[in-house]
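All remarks here apply to the structure that follows.
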Amino acid sequence: MNNIIFFGPPGAGKGTQAKIISKILDIPHLSTGEILRKKTNQKDALALELNEIMNKGQLVSDNILNKIISERLVECETGFILDGYPRTLDQLNFLNNFLGQNSLKINFIFNIMIDFIKIEERIIKRSSEEKRGDDNIETIKTRYTAYIDSTHLVSENYRKNSKEIFFEIDGNNEIAEITSKIKKILKI
């Protein structure tokens with residue numbers, strides 16, 4: 001069983017890599033961004049609230065994400081890939097407690113590092129291809145700042161406390177090259 005976490009700022013390519021590795025390993029890819037975007041297509045009060053939060057580049061509350069992730073993790077019998085979670089130290093603590101209570105552990109953590117200029121280029125390209133409302137320069141700056149202020153602290157926590165399973169990947173490279181490096185680490 002492989003339980004994997006991908007970290008990186010918005011536009012680093014963590015979702016792309018998580019999808020690729022998910023297919024290769026045949027394990028679920030739990031992208032909080034995709035889960036939340038699907039929810040926003042529904043026409044209920046939570047969907048409207050989520051739409052407003054996400055279009056401003058703000059992060060969804062820990063309670064909502066913890067609930068969503070824990071419900072999905074219990075369904076993952078062969079492993080999982082987390083993409084966009086945990087983003088805060090509270091989410092990290094929740095995840096650690098959840099994993100301990102369910103006799104699970106994280107096997108690999110990939111932190112994709114990338115320059116902000118490259119992020120802007122990728123986001124503009126992705127925005128024109130995918131027509132995402134949360135892909136514009138102002139929103140990306142807000143999301144990047146939120147990443148530095150909170151998620152970066154989570155990845156640093158893993159870097160210090162889980163050195164044997166924590167791997168930094170250069171996200172400025174091409175997709176295939178990044179995938180190749182990840183596959184070598186996973187030995188697949």
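How large is the dipole of the chain about the Cα centre if only Lys and Arg carry +1 and Asp and Glu carry -1, each at its Cβ, rounded to the nearest 20 debye?
Values: 27 positive and 26 negative charges, 65 e Å.
Using Cβ point charges on Lys, Arg, Asp and Glu, the chain gives about 320 debye.
If you build the convex hull over the alpha carbons only and average its shadow over all orientations, what do you get for the range 50-188? Give it in nm² to one decimal. Walk me through the numbers on the way to the answer.
Details: hull surface 37.0 nm².
The orientation-averaged projected area of the Cα hull of the range 50-188 comes to 9.3 nm².
Round to the nearest 10 and report in Å² the accessible area of residue 87, as given by a 1.4 Å probe over the protein chains' heavy atoms.
Roughly 60 Å² of residue 87 is accessible to a 1.4 Å probe.
Would you work out the relative contact order for the range 1-57, in percent, from Cα pairs under 8 angstrom that are 6 or more residues apart? Kindly include the intermediate steps, with their values, before the conclusion.
Values: 20 pairs, mean separation 9.3, N = 57.
About 16 percent, as a whole number.
Taking Cα pairs under 8 Å and at least six residues apart, what relative contact order does the chain come out at, in percent? Please list the in-between numbers first.
Details: 241 pairs, mean separation 64.8, N = 188.
Once divided by the residue count of the chain, the mean separation gives 34 percent.
Return the sequence-ordered ³J(HN,Hα) values of the range 173-180 in whole Hz as given by the Karplus equation 6.51 cos²θ - 1.76 cosθ + 1.60 applied to θ = phi - 60°, using x for Gly and Pro.
Result, ordered by residue: 7, 6, 3, 4, 5, 5, 4, 4 Hz.
Tell me, what is a quarter of the convex hull surface for the C-alpha atoms of the range 118-188, in nm² with one decimal? Spell out each step's value before the answer.
Numbers: hull surface 23.8 nm².
Averaged projected area of the range 118-188's Cα convex hull equals 6.0 nm².
Express in Å², to the nearest 10, the accessible area of residue 46 obtained by rolling a 1.4 Å probe over the protein heavy atoms while all chains stay in place.
About 60 Å², rounded to the nearest 10.
How big is the gap, in Å, between the Cα center of the range 147-181 and the Cα center of the range 66-136?
Computed from Cα coordinates, the inter-centre distance equals 12 Å.
How would 54, 1 rank on accessible area, largest to smallest, probe 1.4 Å? Write out the running numbers ahead of the final one.
Values: 54 25, 1 120 Å².
These residues rank, largest area first, as 1, 54.
In whole Å and largest first, what semi-axes does the C-alpha gyration tensor of the range 10-59 yield when each eigenvalue is scaled by 5 and square-rooted?
Values: eigenvalues 129, 36, 7 Å².
In descending order the semi-axes read 25, 13, 6 Å.
The values are calculated or read from the model by the stated rules, or taken from the named source; none is laboratory data. Bear in mind that the values here come from a model prediction, so they are computed numbers and not experimental data. Every residue, glycine as well, gets a Cβ built from its backbone with ideal geometry; the counts of neighbours run over all protein chains shown. Protein only, heavy atoms only, side chains kept; ligands, DNA and RNA dropped before computing areas. Shrake-Rupley method; radii C 1.70, N 1.55, O 1.52, S 1.80 Å.
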